[in-house]
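Notes for the one structure printed next.
The values are calculated or read from the model by the stated rules, or taken from the named source; none is laboratory data. What you see is a predicted model, and the numbers here were worked out from it, not measured in a lab. In this analysis, Cβ positions are derived from the backbone assuming ideal geometry, glycine residues included, and neighbour counts consider all displayed protein chains.
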Amino acid sequence: MTSAVRAAEQLTDGDWHRLHPATPLLKGGIALLAIAGVLIANLRERIIEGFFGGGPSDDDPISLLYDNGLLGWALLILLGGVLLTMVGFYVSWRMHEFRVTDEVVEVRSGILFRTNRKGRLDRIQGINIMRPFVARLFGAAKLEVNVAGQNANVQLSYLRSKDADTLRREILLLASGKRAERAGVSAGVPATDATLHGTRGVSAPDGTGQPADGHPAEGHRTAFLEERAREFLSPELDPDAAPPESVVTIPVGRLIGSILLSGFTIAILLVILVGIPIVVATGSYWLLLPVLPGLIGSIGFYVSRVMRSLRYSIAGTPDGIRVGYGLLSTSNDTLPPGRIHAVEVHQPLLWRIPGWWSIRITKASSSVGQSAAAQASSELLPVGTLGDVARVLGLILPEFVGETSTSLIRTGMLGRGAPDDGFVNAPRRGRILRPLSWRRTGFAIDPTALLLRTGAVWRHLVIVPHARLQSIALKQGPLERALRIARVHAHTVAGPVNSELPGVDREVAVQLYLDLAASAAQSDRTDRTHRWNAGAAELIAEFEGSAGADGEVVTDGAPSREEPR
């Protein structure tokens, strides 16, 4: 067993542990260094005058302090402020602890005002590891446990980079319900701070713990630099982490092409080709004042989008679906089985010629502040071909994708609403409400999922697993009642995927309502993806222990959980 695995297992022993020693510097010290740089830059004239002569101006603050005999006091106050800040950072690091038990991931922090945050393992929706560029220089990473609920995520900022990867694996192992033996950890041997905090030395081949050349400091520095260089140069996805046939990547050319063929580009071209000539013709040049900053800012949008999506990869690993991306600052998200509540496959109009598609998902978690990493995690496949879509759907919905379902998916993506294409299509009388897309509007029911097809200009296919349905609703407006049609809304947790189907025949909608209610109730009783690696005996015991304890609440014809899994 490697030292990294042993350290991660020690971090999940249920005891309290501290974060990476560089955490205070990474969370607040960088700002202090920036302030110090600004002060030094402002004092450069004073430094130059000290070497080459010249008199300071009358309003120079240092001269005023010196003339009034306050320079020494000012230096003491500055030194005291720096010392207090360093002490505050140290105490904050000492008071910031976390622990991982068989039930929860818990973090407590704060000096004057204490904060305690817990995330239940059976509510974990995924684990994200972010490595900002500066943190990578220190060999640190931020681990965020995504938990079902609004702003319920638990962050560990920061951990040793290698410990973050192995700790994620251990947390997912505990969350899966599997009770693995800790063969490499002795219950009677406590872990040292050096082991837990990632400050271990590099062992020599002879096992003495000292570098073979006899110079510990030099050996540690060399090993540290080699490890940082290896992390920067290594691929974002370890080749041994997943079988090659399960890995989906995005070529750089396709990525750039998809951004150039986006709606954002169309808006910019309209402004340049239409707006600017109108401004020149009318002489209203003042209209360029609000437009030019937006055009300049669009350059930053393109650069950030490309940089964020470089080295994008999706792979099926033993821990779940792993999505990684980023060049300088990297991020990778691992989604356990059964944590996706809705999937949308969509195609913008300009992507039809190259045949590109995009996939986004809805999860039962929301990151604090809606960070860029959290927003990017909902876009599972930024751009891909039909083959890429099939492989990704096979990874995230393995129980759904089969021979029959694959045909339904392809029909839902490319079909034009033929009577015998496997979908129940909208009636012709509904075309007055959807003149362009009424032919493609329809649904299909698979034993494990509901498929909703909409859109003629922008194609959409939504897949909702029966086990993730929260409730079903039927809606009708005055005009819809006159046309004898209705809207069906398959409720899931809040997210970017819209699972509403308009223009369904009224009688068909009522039957769909009843069928989905029955399927959702049955799937909810048999679904055990929240403990996906638990043994049969553990699942039976859990099911018998919970039967009758938390009764089902029926809303709009389907069981609704207070806390979505």
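Observations, loosely collected:
- Scan of region 492-508 for residues that are crowded, with 20+ Cβ neighbours inside 10 Å and either within 30 Å of the chain's Cα centre (by Cα) or assigned to a helix (DSSP H, G or I) (or both), ordered by number: 492, 493, 497, 499, 501
- Filtered residues of region 452-465 (kept if more than 25 Å from the chain's Cα centre (by Cα) and either of a type in the set (A, V, I, L, M) or assigned to a loop (DSSP other than H, G, I, E, B) (or both)): 452, 455, 456, 457, 458
Each row is one residue, and each column tells you yes or no for (1) outside any loop (DSSP other than H, G, I, E, B); (2) within 30 Å of the chain's Cα centre (by Cα); (3) closer than 30 Å to residue 147 by Cα; (4) in contact (Cβ under 8 Å) with a residue 40 or more places away in the chain.
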position: 413; (1), (2), (3), (4): yes, yes, no, yes
position: 420; (1), (2), (3), (4): no, no, no, no
position: 429; (1), (2), (3), (4): yes, no, no, yes
position: 481; (1), (2), (3), (4): yes, no, no, no
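- Residue within region 407-429 that is of a type in the set (Lys, Arg) and touching a Gly at 6+ places or on another chain (Cβ under 7 Å) present: no
- Consider region 347-368 and keep the residues that are under 17 Å from residue 126 (Cβ atoms) and not aliphatic (A, V, I, L, M). The one that is modelled with the highest pLDDT is 360.
- Only residues that are polar (S, T, N, Q) and at pLDDT below 50 were counted in region 370-388, giving 2.
- Evaluation of residue 486 against (1) among the hydrophobic types (A, V, I, L, M, F, W, C); (2) out of contact with any Gly (no Cβ under 9 Å at 6 or more places or on another chain); (3) modelled with pLDDT of 90 or more (one fails), failing number: (2)
- Strands (runs of 3 or more DSSP E) (entirely within region 275-367) containing at least 2 residues that are surrounded by 16 or more Cβ atoms within 10 Å (Cβ to Cβ), more than 14 Å from the chain's Cα centre (by Cα) and without any contact (Cβ under 8 Å) to a residue 60 or more places away in the chain: 357-363
- Number of residues in region 163-181 that are among the small types (Gly, Ala, Ser) and assigned to a helix (DSSP H, G or I) equals 2.
- Out of 37, 88, sole residue that is at pLDDT below 80, of a type in the set (Gly, Ala, Ser), out of contact with any Lys or Arg (no Cβ under 9 Å at 6 or more places or on another chain) and in a helix (DSSP H, G or I): 37
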